Each structure stands twice: as C-alpha cells, then as structure tokens.
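Beneath this line is the structure, given in structure tokens, with notes to follow.
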Number of protein chains: 2
Amino acid sequence: MNESFTDISQIGEFGLIARLNEILQPYRDSLIVKGIGDDAAVYIPAEGKVQVVTTDALIEGIHFDLTYVSMRNLGWKSMVVNLSDLCAMLATPRYALITVAIPRKISVEMMENLYLGIKSACNEFNFALIGGDTTTTFGNMAISVTMIGEADKDIIPYRSGAKIGDYICVTGTLGLSYAGLKILLREKKKFLESEDKQNFKPNFEPFLKAIEKHLKPVPRFDIANKLKDLKVKVNSMIDISDGLSSDLLHICRQSNVGAEIYETSLPVDELVKKIAKDEFNEDYLPYVLNGGEDYELLFTVSESELKKLDPLYSDVKVIGRILDREQGIRLIREDKSEVDLEAGGWDHFKIKFEGR
Amino acid sequence: MNESFTDISQIGEFGLIARLNEILQPYRDSLIVKGIGDDAAVYIPAEGKVQVVTTDALIEGIHFDLTYVSMRNLGWKSMVVNLSDLCAMLATPRYALITVAIPRKISVEMMENLYLGIKSACNEFNFALIGGDTTTTFGNMAISVTMIGEADKDIIPYRSGAKIGDYICVTGTLGLSYAGLKILLREKKKFLESEDKQNFKPNFEPFLKAIEKHLKPVPRFDIANKLKDLKVKVNSMIDISDGLSSDLLHICRQSNVGAEIYETSLPVDELVKKIAKDEFNEDYLPYVLNGGEDYELLFTVSESELKKLDPLYSDVKVIGRILDREQGIRLIREDKSEVDLEAGGWDHFKIKFEGR
C-alpha cells in the first residue's frame, strides 16, 4: 500500500461518516426530502410506479478477496450486484442504502476509495446513496446493500412468467467472469508461493478482459432500456449471477416448465475457450453453464416478439426454447447428445463449507 | 444446545431459503405485488405518503454475543433497531429486507429461530419481510436490515428542527439496557472463570427487567402513535440508540442550538440505581447519559404544544430546554453545578478499537 493509512479510531465513527458523506455530495434530486444524516431517509415515490427493492451482501473471503480487489472496484461491484437485480425487473434504480462491517485493517483512505467506487456507480446509473451504517468488526469485512428502484407495474417480467414455446435469450457472453476469477486465484497462489514477493509480477495482461468482467461487472441496463423502448413483451427474466444452469432452473421451476438449450448457440468469448484450454487444460463448458457472476440477462419471449429483438442481434442471442415440464431441463450438445442441466452454480454453503 | 443441529451444507442455500420462507408465510398484503423469491420484491407505495427508509447492521462480537443472546431475540432485535428509527420519523413500518452472513457454527434450526424472532416483530408491528440474502462466512455472524416505512410528509420531525425555547422530552426511562448489559457481561465472565461450568447458574433473576430491556427492546410506536393522534407538533426527534448525550448532541448540532437538561428530571428506573450502586459500586448517571440502546424517543416541542402531552404524563418526561447555541449543551446537576455534555455514547470504532 502506497497511500497513507489513517486508523479509523483516530477520527471515530462520526468523523468517518462525515468524510464519506463528503464524497457523495452534491446530489440533487427534488424527490429526496431527506438524505443521509437523520434516523431515516425520506423520498417521494414516483407517481404511478411501483417500488422495486432488492438486497445483496458481499462478504470478504466468500465474494471478494482484498489481495486482488481494489476498494474502488469493491464499492462499484457492491452496487452492481444489486443494480443487476433491478435491471432484471426492468426497473430504474433510484436509491441505495449500505451497511459496512469494517475490520481494523481497513483505513479511512480505503473506505474513501470504497465510496469513490460507489459514487462512480451512482453517477453512471443515476441513483443516490441515501442511507448507511458503518460499524467495526473483529471479523472479516462485510458489505450489505439495499437498492430501490421504480418500474411500470405492467411490464415487470418475473421468474414465473415463462411459457411453453418461449425462446430463451441471453445478453452478452457467458463465462468470462469465472475465467477471470480463475486467473486471479492462480496468480494469487503463485504470489503466495513466490520466494521473491517484492519483485513478483502477476501475469494479467493477456486476460484483462476476463479479469475486468469479474472485478468490474456492468449491469445490462443498455439492453433493459432497449427492450422497454422496443416494447418487447418479456415473459420472464433473471440476471445471471449464480450461473446459466442455476438461473435457468430458477425460471423453469417457478414457471413450472421445462427447457432445452443448445451448446452451439451459447455465446462464448474466445478468451474463455482460450483460458480454459490453454491455461487450465479444462473444458470451457462448465465456465459457461456454472461460472456465474456474469450479470448478463436471461429472458424468454414468445415467438411473436422475436422479430422485435432484431435491432439487438449483436447483443442478444437465442440459446433455446421453453418446453413442457415433463421434457425436463437439458442441454443439447454439439454431437446432439442430451445432458440434464443441474444447479451447478454458486451455492456458498455447499461449495465453501465442503471445501474447508 | 439441546435442540437438533442440522448443518446448513446438508440442505444448501436454496434449501435453507425454502425453510426460512416457510416460517414467514402466510403474509397477506394487497400492496405487495411480489414478495420473496424473485430478483427483487415489488410493492405499490401508499398514495399521498412519502417513503421512509433506514438501514442498520448487527455484528457478532460488537452488537451481540451468542453466549447470552438467543437467536429468537436476535431476530427480534435486528428488526427493532431499525423499527425504532422509523418510529422516530413518525413513520409506519411496512417492509423489511435482511442479509445474513452465517458462520458454520450456526445450524438450520438456529436460523429458523432467528426467523421466528423476525416473524414475531412482523406480527407485532405489522410489516412484511419481502427480501433477503443469506450467505456463508468464514468470520463472525453479521446481520444487516433495511426497513421501509411510510409517513405523512408534513409531520415528520427531523433532527434539525429543534427551536430555541423548545422543551426536551424523553419517553420511558433511561439506562436500563446498559445496566442489563453490565449484568450479562459479568455473569458471562463468571461463567468463563467457573471451574464447574456444567452446574453454573447465572444470577439473572433480580435483574430481569434490565436484561429484557437489553435483549428484547421495544420501539415506542405506542407513544409515536399517540403523538400523531393528539396532533402534537413535534419539532425534532431522534431515537436513543447511542445514548442520551450523543443523541441530544445530534439534535443540537443539526438544529444549530444549545440545550440544558436537569439531572433531577431524568427518568431513571430504581433498578438502574440499584445495579449501578449495589452491583458495580458506580455512579448511575453515566448509565443514563451514555448507556445507549434504550430505544426510547427524545424529542422537542414548543411551549404551546406542551399541554397536549398531558395524557402522556406517565410515559413522557420533560428533561430540559433548547437554548441558544452560545449557551452550550449542558447538564444541570442536583447541586446546581453545570457539566458540559459530551458524546460519551457508543462509538464502536473508538471504544472497541482502543479496548483491544
């Protein structure tokens, strides 16, 4: 660390809050009656809209590792994982609240960088942080965010809305975030095993696109907004945070339907294939199906809506169809063989507990 | 622990969520369009009201200690610390969201008890839990709650609204929660030092009122509702979570005023005096001024409103006056001597870090 290190105990909780709030100012929004600084924040809800709220936590050691995540990216990502949930409801983000449990190793400057990352997200996606609670902890760092958005009630797509015959669509490409994480973990391991830590240089350069996707994901409001502009009737939608398999299973279970997706249709960046094969000698398919954290959108539309997606052809791919429940949930391989999809994605409790 | 212990890894994150959600059902509210189970929850805001939102975290080792807090009380208290903030805005609670970072020592049954405590609060104060995120952690348990309420914009009292000449009022009595905490900590220490832990019996019986106030506080919606019914114009209000001194300082700073409070007027339960004197040989005054966590209401009203408080005489005491800023913020002792009030309350960063 080259920057200065001010222990939070030097300025206390109220001193810290004052410095962090300074970073967030000024924010002008005539609908905010009271922002940070009272027992609660107060805002006027937009007329004719419904309120859409979600909450997600990022825990050190589970969701992030301070050896390779900058505080700025962490602040950004803590917002994005929640923004992405609103995005999948076709909602517009408006307000966020955050709690941070801060271990002693975290300085005032590091907290300021966290808030600079938050501020970038506020500016980029046009919402305000209106509430927060900072507290110390003897354990690991824990960040919890609640995001509030507004939406038109009648266009919100739920997980339960998929209909037999729907086309299954996905934005962007899948697997990059997980490929980036694999590289980060490998270089961290090399660093820890290196005898000359001072001069250790991680090999990130060829993989930056994947690493960036993992460290600084972008919610797909660009697509969500176009779907609204084009008046596409989206029957069901979810953001891909757990992994394609898990998230498709969420839709199928809640919609009481089956599905098939085609390996040849899955949008995969060449870098994912390259990292899987050349760096880890692995099949890339699990990266795509179970990697998670891509924060792309998975959604279904009926056949009649498909044409409306034409202007989005470079960003949205059709990867399969919704079937009758009895037909199961399966992947059609390149060789036409069929594999039942299972929730191979991110289950902290199972993966992490068993891995200890 | 006498109850059964099911490791969360046996049922996984989705299994856990299913069991916890079962506890919360059924909840009927025609304004909730979508509750738990999608990317985000959706609700219709009440017409003509503003939205009031707050967030607060409870961290194991800082805010609670699982050696003496039951999961049920913890669930209750995680809601109450947030409810109390809404109460101090004269808002009506409507919806809550929670994230929990769960260490391995916590079983499925313990999480169910946590949710039973949450459910009690939902039933008692008429709000619904509409969002959540559970994740594992390698560190300590961390609970973060966001509470959403609704209020009439024009009656919300802010910290900044105190006016010179206002009477300073407080509900209930002060210091009990801290006195209860002192007993809990003493008995825990005795237990840890005891050579026969199997047969150790903590001495709680004479102090139950204080212990209960600490473990299962009650937000003062009873008073808040009466203030609304009686149409009392409340100029400023805050809930006493940090301690009377700290919270009065918040009001004075944000209102740009001074204040004096009178020792003889402070509402103190006899048990607080008894615990301070007989059990710890201490002055009870710091318990009252700096103890914190009483979750009583501190508010100010102008002289003309004072008469309206008459029906509340058993629950609300006048403890001082708002003064010009130049006159400082001070306590008038019984012997008429004056003491400047300082923020002696709960600052996690200063107290805890220095105490390590």
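The values are calculated or read from the model by the stated rules, or taken from the named source; none is laboratory data. Here the structure is a predicted model, which means the values were calculated and not measured. Because the Cβ atoms are built from the backbone with ideal geometry, glycine has one as well, and the counts that use them run over all protein chains shown.
Can we say B:Ser9 is among the hydroxyl-bearing types (Ser, Thr, Tyr), more than 7 Å from chain A (Cβ to nearest Cβ) and at negative phi? Spelling it out, it is not the case that B:Ser9 is among the hydroxyl-bearing types (Ser, Thr, Tyr), more than 7 Å from chain A (Cβ to nearest Cβ) and at negative phi. Only residues that are part of a helix (DSSP H, G or I) and among the hydrophobic types (A, V, I, L, M, F, W, C) were counted in the range A:195-210, giving 3. Applying the criterion of being under 30 Å from the mean Cα position of the chain (by Cα) and acidic (Asp, Glu) to the residues of the range A:325-338, the residue that is surrounded by the fewest Cβ atoms within 10 Å (Cβ to Cβ) is A:Glu334. Go through the residues of the range A:278-285 one by one and say whether even a single one is buried (at least 21 other Cβ atoms within 10 Å of the Cβ) and either among the aromatic types (Phe, Trp, Tyr) or out of contact with any Pro (no Cβ under 6 Å at 6 or more places or on another chain) (or both). Yes: the range A:278-285 contains one or more residues that are buried (at least 21 other Cβ atoms within 10 Å of the Cβ) and either among the aromatic types (Phe, Trp, Tyr) or out of contact with any Pro (no Cβ under 6 Å at 6 or more places or on another chain) (or both). In the range B:41-61 there is at least one residue matching the filter, namely being part of a loop (DSSP other than H, G, I, E, B) and either assigned by TED's automatic domain parsing to the domain that holds B:Ile183 or of a type in the set (Asp, Glu) (or both). With the condition kept exactly as written, say whether any residue in the range A:8-20 is assigned to a loop (DSSP other than H, G, I, E, B) and under 27 Å from A:Phe138 (Cα atoms). The answer is yes; a qualifying residue exists. Residues that are in contact with a helix residue (DSSP H, G or I) (Cβ under 9 Å, 6 or more places away or on another chain), under 22 Å from A:Asn140 (Cα atoms) and away from chain A (no Cβ under 11 Å) occur in the range B:77-88; there is at least one. Residues that are in the same structural domain as B:Val100 (by TED's automatic domain parsing), under 30 Å from A:Asp154 (Cα atoms), of a type in the set (A, V, I, L, M) and part of a strand (DSSP E or B) do occur in the range B:21-38, at least one of them.
When A:Ala46, A:Ala18 are screened for being more than 7 Å from every other protein chain (Cβ to nearest Cβ), within 27 Å of the chain's Cα centre (by Cα) and more than 26 Å from B:Ile102 (Cβ to Cβ), only A:Ala46 passes.
With respect to B:Gly61, determine if the residue is under 13 Å from the mean Cα position of the chain (by Cα) and touching a residue at least 24 places away in the same chain (Cβ under 8 Å). Taking the combined requirement at face value, the residue does not satisfy it. Residues in the range B:112-153 that are at the interface with chain A (Cβ under 7 Å from one of its Cβ atoms) and either at positive phi or among the charged types (D, E, K, R) (or both): B:Asp133, B:Lys153.
Applying the set (1) modelled with pLDDT of 95 or more; (2) more than 23 Å from the chain's Cα centre (by Cα) to A:Ile275 leaves exactly one unmet item: (2).
Test B:Val80 against the stated conditions and say whether it is among the hydrophobic types (A, V, I, L, M, F, W, C), outside any strand (DSSP E or B) and surrounded by fewer than 20 Cβ atoms within 10 Å (Cβ to Cβ). In short, no.
The set of residues in the range A:292-346 being among the aliphatic types (A, V, I, L, M), in contact with a Phe, Trp or Tyr (Cβ under 7 Å, 6 or more places away or on another chain) and within 19 Å of A:Leu174 (Cα to Cα) consists of A:Val318, A:Ile319, A:Ile332.
Number of residues in the range B:32-49 that are surrounded by fewer than 21 Cβ atoms within 10 Å (Cβ to Cβ), at pLDDT 95 or above and in contact with a helix residue (DSSP H, G or I) (Cβ under 8 Å, 6 or more places away or on another chain): the value is 3. Consider the range A:203-238 and keep the residues that are surrounded by 20 or more Cβ atoms within 10 Å (Cβ to Cβ) and among the polar types (S, T, N, Q). The one that is farthest from the chain's Cα centre (by Cα) is A:Asn235.
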